[in-house]
Amino acid sequence: MLPDLPLEPVLELVGVFVSGLSGALAAVRKQFDVFGVVVLAWAAGLGGGLLRDVFLGAVPPVGISDWRLIGTAAVAGLTMYFFHPSLVRARRAIVVLDAGALALFTVVGTVKGLEYGAVPVAAVFVGVFTGVGGGVLRDLLTGEVPVVLHHRQLYAIPSLLGAVAIAGLWALEAYTTVTSLLVVVAVFAVRVLALQFRLNAPGPWREPTSRG
């Protein structure tokens, strides 16, 4: 977790709630029942942290042991279930807030990896998995190819850059509350700008040619 940052637990709860809304929204669009909506909210909100803790051997993972986080994800699911007609119209706001969750989870995951003694490269992987893991689980559970893999969105790339920045600051002993917040803001800004200007990751170097 983020040392010397009193607001971090609150920010993490906000991140779980917002990511949970995105997962529940996907479930509503697939016409899932109330149980399915809550499960998708949990998967999107806590899936990244679950993967992180499994990789680090931090058991039991917070995704199944921290009642505050589990409850927050459940509230997000029920909120979307009951109020989705109005919340669907606010989809753009949810996507923007989800960018904030991506930034926060990336930093939190990288720092936790470093605190557990992972080498910088491993900590970067942990940070990226924490940032994008919830979205990947959400898409898999709804029968979709994960957006992070096939829509060429700048989603994993900002997370990767943020995780590398945190690992570098940690190695240089320059990691502080201020620098961590700067990384959160930077990852968020890159993601939002990519959405605003429809910036995509490069596609195949050469388009496949048809035969025959």
Taking the Cα centre of the stretch 41-98 as the origin and placing charges on Cβ (Lys, Arg +1; Asp, Glu -1), which of L78, A43, G63 is farthest toward the positive end of the dipole? L78
Mean-position separation - Cα centroids, the stretch 25-101 and the stretch 115-188, in angstrom: 18
Any idea what the dipole of the stretch 86-158 comes to, in debye rounded to 20, about its Cα centre with Lys/Arg Cβ at +1 and Asp/Glu Cβ at -1? 260
Amide H neighbours of Q153 at under 5 Å, excluding residues fewer than 5 places away on the same chain, with H built from the backbone geometry, are A201
Kyte-Doolittle mean at least 1.6 and Cα axial length at least 15 Å: DSSP H helices in the chain: 34-56, 156-171, 177-197
Rg and Dmax [Cα atoms of the stretch 77-176; Å; Rg one decimal, Dmax integer]: 15.6, 49
Subtracting the Cα-Cα distance from 0.36 nm times the residue separation, let me have the gained length for L193 to K30 in nm, one decimal. 55.8 nm
Electrostatic dipole magnitude of the chain [Cβ: Lys, Arg +1; Asp, Glu -1; Cα centre; debye, to 20]: 840
Orientation-averaged projected area, Cα convex hull of the stretch 59-127 (nm²): 5.6
Once the dipole of the stretch 86-212 is set up from charges on Cβ (+1 Lys and Arg, -1 Asp and Glu), the residue from the list L199, A167, F129 lying farthest towards its positive end is L199
Space enclosed by the convex hull of the alpha-carbon atoms of the chain, per residue, Å³: 146
For a quick check: sort S22, S159, S86, S65 by the number of other beta carbons within 10 angstrom, fewest at the front. S86, S65, S22, S159
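Rule-based calculations on the coordinates, nothing more; no lab input. These numbers come from a predicted model, not from an experiment. When we count neighbours, we look across all protein chains shown, and the Cβ atoms used for this are built from the backbone with ideal geometry, even at glycine.
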